[in-house]
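Every number here is computed from the coordinates shown, using simple stated rules; none is lab data. Everything numeric in this text was worked out from a predicted model, so none of it was measured. Reconstructed Cβ throughout: ideal geometry from the backbone, glycine too, with neighbour counts over all protein chains shown.
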Amino acid sequence: MKYIKTYEKASKPEIGDYVVCNDQTHITEDIKTFIDTNVGQIIGYEKYLQSGRLSDNPYCIKYENVPKKLSNGLDFDNDKKNAKLIKYELKPGEAVRYFNKHEFVYISKDKEELEASLMAKKYNL
């Protein structure tokens, strides 16, 4: 198995990179488990208004195959009418969430590498 480097603070993630995140916000355990055990893709980088101030989480991460019961807990999904949905053109089962780069655990150009790393972690290999 290839070595997956842990995200280094010096490098700048790019749109199209795949990431595994550690969500540090107060969310349900189901959503945290989903985010910690699934690979997301960076689809945007922007500051957005949140409660009248600019967000601290500028990286927009897209997740696929999101269970319907979890999609409402993520920031934006296909069921909500939001201008960002038009920009990112989400399909059914997709959702996005915003993260700061310090929440990235792993980053890679290859999704399969991260999925293999998650499988190894799951089975303590």
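A straight chain from Val105 to Asn124 at 0.36 nm per residue would run longer than the Cα-Cα distance by 5.1 nm. With K and R counted +1 and D and E -1, the other residues having a Cβ less than 13 Å from that of Asn22 yield a net charge of +1. Estimated from the Cβ-Cβ distance and a Förster radius of 22 angstrom, the FRET efficiency linking Tyr88 and Glu29 is about 0.25. Once the C-beta distance of Glu64 and Ala116 is scaled by a Förster radius of 25 Å, the resulting FRET efficiency is 0.90 to the nearest 0.05.
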